[in-house]
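S.K.: Mind looking over this structure? Questions follow.
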């Protein structure tokens, strides 16, 4: 009598073992397939079952590559920005030096070029050093000028250097007049709450004097500073004292912080320097830059 | 109860299959990721008879061979034999004890690496010490830890009958 339940289990088990043997033989056979057949099977599997995983790898690889390229591009942009930033400063310095050379040619031999150095210490914001001194013919009270006008005056002279004060200093004052010579006054500094609010003021002008906004104010020569150096342009009225005197705010020709290369007037300079700043070319630094940018954009225009 | 365990086991096999190729192919992690395909095969082999287990091993092996640059068929042989071995343990061990689970996955992975090393051929394979003794042991330990954790978390054990 056959064992209960054993025969069907035995046949099934035998079939299972045979099937396993066939699969094992197939597994060994795959190593003997022709390379083209092996490649074909691989391609089919890669295109079907493995496709999403391969696509993920490709996408992640592209993302990594793009991230690397972005890093490189960012580094290049940073380098270019640094070059441009330096370039801008060089262009500016170049422009200033060319203007200074032109001024030196017009002004004559009694001007000596100098570089300005700011101490940067608290309380010395209106003071500066220049690298020329007594040996170069610089004297106390000498005017310090930039291409667009008066920067300040020398306070103390040493053998090879000097200390100056710019027009923002509380002790600065210079005798000045309107460029047409009709109205005289004293220009000094009016300190603001912040340094950016420091202004120049023309005081002591006659009440009935015709002083219009935009009129150029130059040094009058009634003092140590020679005549004809631009100081600023009339901005607006500050105050009037009764009916006999008026004061005006002046927009300065030169911002002291921008003056790095200057000319210092030496002993023996002429009393009238109006020729160094022709009336039709007097302009602030910003106006000059705007004009040159406009002419660069439109070279054929008036 | 056993049916519930069976379903859970195949779900785990499917997840391990996807995770293996996602880690190794999709994310290109390489040796840092465990050989989840062998772990999946070892779990799956104990759920079916010898024949289906061998077929599962052949399929898994062919998929690995499709991504292999050399010795097409080596993975197929290794995975088929490992699956057969796993299927045999189904009749010999219940599979409840932790010692068995750890040994099963460890030896299964080491055997897979050894069989692959043998099947690849002399001209291509790396030194035995490096590929089988060292990497195989590390891989086996990795697979044992992963397998034990999986079995513990998913409860893939059967009550003795």
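Derivation of every value follows stated rules applied to the coordinates shown; laboratory data play no part. The shown structure was predicted, so the numbers you read here are calculated from the model rather than taken from an experiment. Please note: Cβ atoms are built from the backbone with ideal geometry, for glycine as well, and neighbour counts cover all protein chains shown.
S.K.: For a Förster distance of 51 Å, can you work out the FRET efficiency between the beta-carbons of residue B:29 and residue A:89, rounded to the nearest 0.05?
M.R.: On the way: r = 50 Å, r/R0 = 0.98.
About 0.55, to the nearest 0.05.
S.K.: Another question about this same structure. How crowded by other chains is B:60-68, given as the mean number of beta carbons from other chains within 10 Å of each beta carbon?
M.R.: Neighbouring Cβ atoms belonging to other protein chains average 5 per residue here.
S.K.: Please report, to one decimal in angstroms, the Kirkwood hydrodynamic radius of region A:15-154 built from all distinct Cα-Cα pairs.
M.R.: Values: mean 1/r = 0.0419 Å⁻¹.
The Cα-based Kirkwood calculation yields 23.9 Å.
S.K.: Note the angle between two axes, namely the Cα long axis of helix B:135-154 and the longest principal axis of the Cα atoms of chain B, as a number of degrees from 0 to 90, rounded to the nearest 10.
M.R.: It works out to around 20 degrees.
S.K.: From other protein chains only, count the Cβ atoms within 10 Å of every residue's Cβ in B:77-85, then give the mean. Present the calculation step by step, with values, prior to reporting the outcome.
M.R.: Working: counts 6, 1, 1, 8, 3, 0, 4, 6, 0.
Shielding by partners across B:77-85 averages 3.
S.K.: Sort A:32, A:249, B:104 so the one with the fewest other Cβ atoms within 10 Å of its own Cβ comes first.
M.R.: Numbers: A:32 9, A:249 18, B:104 25.
With the fewest neighbours first, A:32, A:249, B:104 line up as A:32, A:249, B:104.
S.K.: A further question follows. Highest first, please rank the peptides A:65-71, B:42-48, A:20-26, B:148-154 by the mean number of other Cβ atoms sitting within 10 Å of their residues. Write out the running numbers ahead of the final one.
M.R.: On the way: A:65-71: 10.0, B:42-48: 23.1, A:20-26: 17.0, B:148-154: 15.1.
The densest-packed peptide leads the list: B:42-48, A:20-26, B:148-154, A:65-71.
S.K.: What would the Debye formula give as log10 I(q)/I(0) at q = 0.26, 0.29 Å⁻¹ for the alpha-carbon point model of region B:63-115, no solvent?
M.R.: For region B:63-115 at q = 0.26, 0.29 Å⁻¹, log10 I(q)/I(0) is -0.98, -1.11.
S.K.: Roughly how compact is the protein assembly as shown, stated as its Cα Rg over 2.2 N^0.38 Å to two decimals? Please report the intermediate quantities before stating the final value.
M.R.: Working: Rg = 46.9 Å, N = 463, 2.2 N^0.38 = 22.7 Å.
Compactness ratio reported: 2.07.
S.K.: Please give the average number of partner chain Cβ atoms lying within 10 Å of the Cβ of each residue in B:49-57, rounded to a whole number. Before the final figure, lay out each step's value.
M.R.: Working: counts 7, 10, 11, 4, 3, 10, 6, 1, 4.
Average per residue, whole number: 6.
S.K.: Quickly work out the residue B:135-to-residue B:3 label distance, labels modelled 7 Å from Cα along the C-beta direction, and quote it in nm with one decimal.
M.R.: Going by the 7 Å Cα→Cβ label model, 4.5 nm.
S.K.: Once both axes come from the Cα atoms, what is the angle between helix A:35-47 and the longest principal axis of chain A, in degrees from 0 to 90, rounded to 10?
M.R.: So the inclination is approximately 60 degrees.
S.K.: What is the spread of the Cα atoms of region A:129-187 along each of their three principal axes, largest first, in whole Å?
M.R.: 40, 22, 17
S.K.: In nanometres, what is the gap between the two model label sites at residue A:25 and residue A:279, each 7 Å from Cα along Cα-to-Cβ?
M.R.: Going by the 7 Å Cα→Cβ label model, 11.8 nm.
S.K.: Next up: When only C-alpha pairs under 8 Å and at least 6 residues apart count, what is the relative contact order of region A:61-183, in percent? All intermediate terms of the calculation are to be shown ahead of the outcome.
M.R.: On the way: 123 pairs, mean separation 19.8, N = 123.
That works out to 16 percent.
S.K.: Arranged from highest to lowest average of other beta-carbon atoms within 10 Å per residue, in what order do the peptides B:3-13, A:166-176 appear? If you can, show how the numbers build up before the last one.
M.R.: On the way: B:3-13: 14.5, A:166-176: 20.4.
Packing order, densest peptide first, comes out as A:166-176, B:3-13.
S.K.: With only alpha-carbon atoms counted, please give the Rg and Dmax of chain B, in Å.
M.R.: Just the Cα atoms of chain B yield Rg and Dmax of 15.0, 50 Å.
S.K.: Decide, for region A:243-292, between rounded, prolate and oblate: order the square roots of the alpha carbon gyration tensor eigenvalues as a ≥ b ≥ c, take rounded if a/c falls under 1.5, and otherwise choose prolate if a/b is larger than b/c, else oblate.
M.R.: Taking the square roots of the gyration eigenvalues as a ≥ b ≥ c, region A:243-292 is oblate.
S.K.: With N set to the residue count of region B:79-161, report its C-alpha Rg divided by 2.2 N^0.38 Å to two decimal places. Could you put the intermediate results ahead of the total?
M.R.: Working: Rg = 14.3 Å, N = 83, 2.2 N^0.38 = 11.8 Å.
Output field value: 1.22.
S.K.: Something else now. Which of these, A:161, A:124, A:36, has the largest mean-square fluctuation under a Gaussian network model of chain A (Cα springs below 10 Å)?
M.R.: Fluctuation is largest for A:36.
S.K.: Moving on to the next point. For a test of the definition: using alpha carbon positions, the gyration tensor, and the 1.5 limit on a/c, classify region B:39-90 as rounded, prolate or oblate. Present the calculation step by step, with values, prior to reporting the outcome.
M.R.: Working: a/c = 2.67, a/b = 2.40, b/c = 1.11.
Verdict is prolate for region B:39-90.
S.K.: Between 0 and 90 degrees, rounded to the nearest ten: what's the tilt of helix B:2-21 against the longest Cα principal axis of chain B?
M.R.: Here the helix axis deviates by roughly 20 degrees.
S.K.: Still on this structure, I have one more. How many angstrom separate the Cα center of region B:108-142 from the Cα center of region A:247-302?
M.R.: About 84 Å separates the Cα centre of region B:108-142 from the one of region A:247-302.
S.K.: Follow-up question, since we're still on this one. Sort largest first and round to whole Å: the equivalent ellipsoid semi-axes of region A:107-227, each the square root of five times a Cα gyration tensor eigenvalue. Working shown, then result.
M.R.: Numbers: eigenvalues 141, 70, 24 Å².
They are 27, 19, 11 Å, listed from largest to smallest.
S.K.: Also, I was wondering about something else. What is the fewest-to-most order of B:101, A:211 by other Cβ atoms lying within 10 Å of their Cβ?
M.R.: Starting with the residue having the fewest Cβ neighbours, the order is A:211, B:101.
S.K.: Please give the peptides A:195-202, A:150-157 ranked by average Cβ packing (other Cβ atoms within 10 Å per residue), highest first, as a rough proxy for protection. If you can, show how the numbers build up before the last one.
M.R.: Working: A:195-202: 17.2, A:150-157: 22.2.
Going by the mean number of other Cβ atoms within 10 Å, highest first, we get A:150-157, A:195-202.
S.K.: For a quick check: sort B:24, A:87, A:148 by the number of other beta carbons within 10 angstrom, fewest at the front.
M.R.: A:87, B:24, A:148
S.K.: Here is a follow-up. For region A:184-223, what does the equivalent ellipsoid look like in terms of its semi-axes, each the square root of 5 times an eigenvalue of the Cα gyration tensor, given largest first in whole Å? Each step should come with its number before you reach the end.
M.R.: On the way: eigenvalues 90, 35, 20 Å².
Sorted largest first and rounded, they come to 21, 13, 10 Å.
S.K.: With the contact rule set at Cα under 8 Å and sequence spacing of 6 or more, what percent relative contact order holds for chain A?
M.R.: Numbers: 472 pairs, mean separation 47.2, N = 302.
Answer for chain A is 16 percent.
S.K.: For region B:1-64, calculate the relative contact order in percent as a whole number, restricting contacts to Cα pairs under 8 Å that are 6 or more residues apart. Display every interim value, and only then the final one.
M.R.: On the way: 39 pairs, mean separation 19.4, N = 64.
Taking the mean separation of contacting Cα pairs over the length of region B:1-64, I get 30 percent.
S.K.: Could you identify which residue out of B:37, B:15, B:56 has the top mean-square fluctuation in a GNM of chain B using Cα springs shorter than 10 Å?
M.R.: B:15
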